[in-house]
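**Student:** Pasting in a structure now, in structure tokens, and then I'll have a few things to ask.
The values are calculated or read from the model by the stated rules, or taken from the named source; none is laboratory data. Please read these numbers as outputs of a predicted model, since none were measured by experiment. Every residue, glycine as well, gets a Cβ built from its backbone with ideal geometry; the counts of neighbours run over all protein chains shown.
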Amino acid sequence: MRLLAASQALSTATFQLVPALGGVMFLHLTGDMALTGLALSLSGLGQLLTAYPGGRLMDRLGRGPVFAASAALAAVAAALVAWTFRLHLTWGVAAAILLLSAVAAPLRQLSVAAADMHPPEQRGRAVGLLFFASALGALISPLVSSVSARLSGGDVAAISWTWLVAALLQLAIVPLMRALRPDPMELGRVVRAAADTGPGKADHAGASLLPAAVATYAANWGVMTLSMAVAPVAMRAHGHAVSDIVWAIAVHSIGMFAFSVPLGAVADRVGRLPVMFGSLLASGLSAYGSVAFPAFWSATAFLFLVGVGWSAGVVASTALVSDLSSVAERGRRFGVAEFVARGAVLGYPVLGSVLAGRLGLVGVAAVLLASVAVPAWLILRGAARARHAWSPAAAEPGL
């Protein structure tokens, strides 16, 4: 778990550079404000393309080898971002960011390995621990950028150096993943054998609850991304300074990661389903509040709650996907969840922004209501069919 947490922190430090520097890079290269969102779109597309294949490879080859290969390729891609930006090659930078997002996508699934190594009653907390490591990783990026700016003597020159350091961070993940002995998938088989409950009940539960877990996972990602796209614009329209908005986003990030461990423990104790259901209500209502209330501190408080709701929903749904999957298919099933979530990340901001522009708060409310209602209905339907509505942990299927 220490190796996985360290790798999670290092990978997050690199992922953070895409939203932090992507818009600035394309604005510098093109001078066109309309292209500043291209980096995030390319990042979502790259992850969408490789989320499911990466999960299948993890099931076939093991977790460690896939993670190590992903980190090595991501190091090359990050170096390409630095090189193409230094050469002022706009489409070269675009291609490098797309490549980075695609090859690094398996590192977004480190929680699969954490789930492998823990029984269901400890799995939520284990997944939460990795998300907490992301909070530590998020602090690395600004430190690297600040040091690079001092060494290079300018903000623009520092961008290339920052990406080169990011390449080194990705490269540092490789020996960590090579040190995973035995592979988490092998440990998962031992954990599963020690808690064998038989396949019949679990298979029925999986068929009933897996769609709810995937839908909740994707909805929380989509609502969070929609909030990040619309709330800053709304805050600016309400007259708040850009520096204040940056602080509001920072508070949101604290909500996303700071409480993941206790939220995971709650999911272990009271059950995945009530935490998932509560996360949908918290995320949906808070996302609406972040754009509906003009005062700075109220909008910031709602953004914080969006982050907390996201954390609860993603941790609980990740644990439930793991509960309902055998070790041999866990990577593939989580790859499906990642694929759907990346689609939500791509689609929600566009749809929400268009409806917000055309219909105002009514449009935002419509998107959020549909986002919450569908997975909430799947949770209630799946719970009724599986006949263990709020049990602490679902049974695992046989190998």
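**Student:** Is it fair to say Ala79 is buried (at least 18 other Cβ atoms within 10 Å of the Cβ), of a type in the set (Gly, Ala, Ser), in contact (Cβ under 8 Å) with a residue 24 or more places away in the chain and over 30 Å from Leu324 (Cβ atoms)? Step through it out loud before you land on a result.
**Tutor:** Numbers: buried (at least 18 other Cβ atoms within 10 Å of the Cβ): yes; of a type in the set (Gly, Ala, Ser): yes; in contact (Cβ under 8 Å) with a residue 24 or more places away in the chain: yes; over 30 Å from Leu324 (Cβ atoms): yes.
Taking the combined requirement at face value, the residue satisfies it.
**Student:** On the basis of being of a type in the set (A, V, I, L, M), within 20 Å of Arg332 (Cβ to Cβ) and either out of contact with any Pro (no Cβ under 6 Å at 6 or more places or on another chain) or in the same structural domain as Pro184 (by TED's automatic domain parsing) (or both), does Ala69 make the cut? Show your work before the answer.
**Tutor:** Working: of a type in the set (A, V, I, L, M): yes; within 20 Å of Arg332 (Cβ to Cβ): yes; either out of contact with any Pro (no Cβ under 6 Å at 6 or more places or on another chain) or in the same structural domain as Pro184 (by TED's automatic domain parsing) (or both): yes.
Against the criterion (of a type in the set (A, V, I, L, M), within 20 Å of Arg332 (Cβ to Cβ) and either out of contact with any Pro (no Cβ under 6 Å at 6 or more places or on another chain) or in the same structural domain as Pro184 (by TED's automatic domain parsing) (or both)), Ala69 qualifies.
**Student:** Something else about it: Suppose the filter is more than 30 Å from Ala267 (Cβ to Cβ) and over 16 Å from the mean Cα position of the chain (by Cα); does Ala158 pass it? If you could, list the steps in order and put the result at the bottom.
**Tutor:** Numbers: more than 30 Å from Ala267 (Cβ to Cβ): yes; over 16 Å from the mean Cα position of the chain (by Cα): yes.
Yes.
**Student:** I would also like to ask the following. Any chance the stretch 299-320 includes a residue that's outside any helix (DSSP H, G or I) and in contact with a Pro (Cβ under 8 Å, 6 or more places away or on another chain)? Explain how you work it out, then say what you get.
**Tutor:** Looking only at the stretch 299-320, we keep the residues that are outside any helix (DSSP H, G or I), and these are none.
Scanning the stretch 299-320, I find no residue that is outside any helix (DSSP H, G or I) and in contact with a Pro (Cβ under 8 Å, 6 or more places away or on another chain), so the answer is no.
**Student:** For Ser290, all conditions in the list (1) touching a Gly at 6+ places or on another chain (Cβ under 7 Å); (2) under 15 Å from Met224 (Cβ atoms); (3) among the small types (Gly, Ala, Ser) hold save one; what is the number of the exception?
**Tutor:** Failing condition for Ser290: (1).
**Student:** Same structure, new question: Only one residue in Ala366, Ala295, Ala282 is modelled with pLDDT of 90 or more and assigned by TED's automatic domain parsing to the domain that holds Ala215, so which one is that?
**Tutor:** Working: Ala366 fails: modelled with pLDDT of 90 or more; Ala295 fails: modelled with pLDDT of 90 or more.
Selected residue: Ala282, the only one of Ala366, Ala295, Ala282 that is modelled with pLDDT of 90 or more and assigned by TED's automatic domain parsing to the domain that holds Ala215.
**Student:** Tell me the residue from Ser160, Ser145, Ser141, Ser111 that is under 19 Å from Leu263 (Cβ atoms), assigned to a helix (DSSP H, G or I), assigned by TED's automatic domain parsing to the domain that holds Leu42 and not acidic (Asp, Glu), please. Lay out the reasoning, then the answer.
**Tutor:** Numbers: Ser160 fails: under 19 Å from Leu263 (Cβ atoms); Ser145 fails: under 19 Å from Leu263 (Cβ atoms); Ser141 fails: under 19 Å from Leu263 (Cβ atoms).
Selected residue: Ser111, the only one of Ser160, Ser145, Ser141, Ser111 that is under 19 Å from Leu263 (Cβ atoms), assigned to a helix (DSSP H, G or I), assigned by TED's automatic domain parsing to the domain that holds Leu42 and not acidic (Asp, Glu).
**Student:** Also, I was wondering about something else. State all residues of the stretch 303-343 that are surrounded by fewer than 24 Cβ atoms within 10 Å (Cβ to Cβ) and hydrophobic (A, V, I, L, M, F, W, C); if no residue qualifies, say none.
**Tutor:** Phe304, Leu305, Val308, Ala328, Val336, Phe339, Val340
**Student:** Across the stretch 65-93, what is the number of residues that are of a type in the set (A, V, I, L, M), touching a helix residue (DSSP H, G or I) at 6+ places or on another chain (Cβ under 7 Å) and assigned to a loop (DSSP other than H, G, I, E, B)? Please lay out each step first, then the result.
**Tutor:** Within the stretch 65-93, the subset of a type in the set (A, V, I, L, M) is 66, 68-69, 71-82, 87, 89, 93.
From what's left, touching a helix residue (DSSP H, G or I) at 6+ places or on another chain (Cβ under 7 Å): 66, 68, 71-75, 77-82, 93.
Next cut, assigned to a loop (DSSP other than H, G, I, E, B) only: none.
Of the residues in the stretch 65-93, 0 are of a type in the set (A, V, I, L, M), touching a helix residue (DSSP H, G or I) at 6+ places or on another chain (Cβ under 7 Å) and assigned to a loop (DSSP other than H, G, I, E, B).
**Student:** Which pairs have Cβ atoms under 8 Å, sit 6 or more apart or on different chains, and link a residue in the stretch 279-298 that is in a loop (DSSP other than H, G, I, E, B) to one that is crowded, with 21+ Cβ neighbours inside 10 Å?
**Tutor:** The qualifying pairs are Phe293/Ala299; Phe293/Phe302.
**Student:** Among the numbered criteria (1) modelled with pLDDT under 90; (2) within 23 Å of His238 (Cβ to Cβ), which single criterion is violated by Gly307?
**Tutor:** With (1) modelled with pLDDT under 90; (2) within 23 Å of His238 (Cβ to Cβ) applied to Gly307, the lone miss is (1).
**Student:** Whether any residue in the stretch 20-38 is in the same structural domain as Ala82 (by TED's automatic domain parsing) and under 26 Å from Val214 (Cα atoms) is what I want to check.
**Tutor:** Start the filter on the stretch 20-38 by keeping residues that are in the same structural domain as Ala82 (by TED's automatic domain parsing), which leaves 20-38.
Filter again for under 26 Å from Val214 (Cα atoms), leaving none.
Scanning the stretch 20-38, I find no residue that is in the same structural domain as Ala82 (by TED's automatic domain parsing) and under 26 Å from Val214 (Cα atoms), so the answer is no.
**Student:** So in the stretch 113-148, with the set limited to residues that are at pLDDT 80 or above and among the polar types (S, T, N, Q), which one is surrounded by the fewest Cβ atoms within 10 Å (Cβ to Cβ)?
**Tutor:** Gln122
**Student:** Here are the criteria: (1) more than 16 Å from Trp247 (Cα to Cα); (2) surrounded by fewer than 17 Cβ atoms within 10 Å (Cβ to Cβ). Tell me which single one Arg272 does not satisfy.
**Tutor:** Of the numbered conditions (1) more than 16 Å from Trp247 (Cα to Cα); (2) surrounded by fewer than 17 Cβ atoms within 10 Å (Cβ to Cβ), the odd one out for Arg272 is (2).
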